[in-house]
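Every read-out reported here was derived from the displayed coordinates using simple, explicitly stated rules and does not represent laboratory data. All of these numbers come straight from a predicted model, not from anything done at the bench. Here the Cβ positions follow ideal geometry from the backbone for every residue, glycine too, while neighbour counts run over all protein chains shown.
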Amino acid sequence: MAVKRSEVFEWISTLVRLAMAGILIFAAIPKLQDIQQAVRAVRAYQILPEFLASLVGKTLPFLELTLAVFLLLGLFTRISAIVWLAMMAAFMFGVAWVWYKGYPIDCGCFGGGGAVDPSEVNYPIHMLERVGFVILGAWLLIFPRTKFSLDGWMRAGD
Amino acid sequence: MANNKQDPLDARAAAKAKAQQQVKAKERRTTVIIIAAALVVIAAFAGIVYFIVNSSKVPALPDAHAPQVADETGGIPVGTGGVAGVDVPTDVTRVDLYIDLMCPVCNQFEQINGKDLDSLREDGTIALVYHPISILDRASSGTKYSTRAANAVAVVADQDPSHFLAFITALYANQPQENSTGLSDDEIAAIAIGVGVPADVAGSFKKGEFEKWVIAATDRASQDGMTGTPTVMVNRELLDPKQVNYFTPGTLKAYLEQLSGGGSSADPSASS
């Protein structure tokens, strides 16, 4: 029995979608556990003015969790992928900025953050991680049809 | 759209089925949009509420209940006699020390520079201000050791300032490993009693009287440029260890002496 290519892609997209949801949850929880640290991490970038640093630090985990729920439900998957890619672009800009400025900081993406010993800084690895995440988001943007999704339920009505 | 079977009854039934399907599709689409909108609204609401509640839980430094000897930067100055808040020289080089009591690198800094800083403080060359902050609570397995230790140190500064420095030294000597459960409140109290802090003062650590001040001072430190510990400021400017490597014995002392014109003004014949 031949397996249709579109069927295979749907399964891959489902995995991608769920992986992205997992990554977002994995990123949001440590921030919520030590929200002061999350604020300090944003401040260490020295990009945002103080009030925004505090606001972004405290509300970013909620954005991450909301997007995670959309991805878990398979709700407006293509738009979710766009939001994900926009977030990745912002973070990549942030990492590039501190790399260029020479600040020795830990990115704070998964909790933690702030200054580290310059020998421990690993901007290339962080950038690679970002690129990996962009690839996930790009895949989902191009192939947003997935199994077990509200999008699918909505489409099945057509 | 023509069917293969051209029976008009079938064609009407097909059209009706298709119309019903379109209504159903529209209903499903509407449901999904409502779910999505509801999620976004709930999330935005939760985020805003969280932001407001959290911002009110952590007071701004000027509003926090602080140890009486604390200054407006969230630091505890120590004077020439070694007593917190007493005989602190003005018009001299000011050294701010931001430390987390769980931080092993802070302990190293203390081992390397402790005696030098003490002698510079005692002869009035520098004004030394300690900032016991808390950035490593996540490294004490949920027991918030950094915050509890910083609070204890603040209580001693407030109630028994002559033992402030000895208490810090003793806490460093008994520093728990990162990612352990830290020291318990009783253990911290025992260490305090061991350096001469009265038992009732040590017993009050667990009340956490200055915990909000510690959090506010930590946030203030972060706003002032502290991104990790130890952080050293000289005359309220961050000291870059790449410029003045204070992990090499003697480097910090030489730098401070040179900055202060080579020793205290009481002995003009001294040279750096």
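General observations
- Annotation: extensible slack from B:LYS57 through B:GLN223 equals 58.0 nm (criterion: 0.36 nm per residue apart, minus Cα-Cα distance).
- Calculated on the alpha-carbon coordinates, the convex hull of region B:102-184 measures out at 89 cubic angstrom per residue.
- For B:ASP91 and B:ALA199, the difference between the fully extended length at 0.36 nm per residue and the C-alpha to C-alpha distance is 35.2 nm.
- Ranking of A:TRP97, A:TRP84 by count of other Cβ atoms within 10 Å, fewest first: A:TRP97, A:TRP84
- Region B:180-227 and region A:126-158 have Cα centres spaced 48 Å apart.
- The spacing between region B:80-128 and region B:5-52, judged by their C-alpha centroids, is 68 Å.
- Ranked list, fewest to most other Cβ atoms within 10 Å of each Cβ, for B:VAL129, A:VAL8: A:VAL8, B:VAL129
- Convex hull of the protein assembly as shown built on C-alpha atoms - directionally averaged projected area, nm²: 27.5 nm²
- Sequence ranges A:42-48, B:56-62, ranked by mean other-Cβ count within 10 angstrom, highest first: A:42-48, B:56-62
- Cross-link partners for B:LYS57 among the aspartates and glutamates, with Cα-Cα distance under 16 Å and sequence neighbours closer than 8 places in the same chain left out: A:ASP34, B:GLU209, B:GLU211, B:ASP219.
- Förster radius 35 Å - calculated FRET efficiency between A:ALA90 and B:GLN177 (Cβ-Cβ, nearest 0.05): 0.45
- Rg(Cα)/(2.2 N^0.38 Å) for region B:64-259, N = residue count: 0.94
- The lysines whose alpha-carbon is closer than 16 Å to the alpha-carbon of A:LYS147, local same-chain residues fewer than 8 away aside, are A:LYS4.
- Charge tally for A:TRP84 (other residues, Cβ to Cβ under 13 Å; Lys, Arg +1; Asp, Glu -1): +2.
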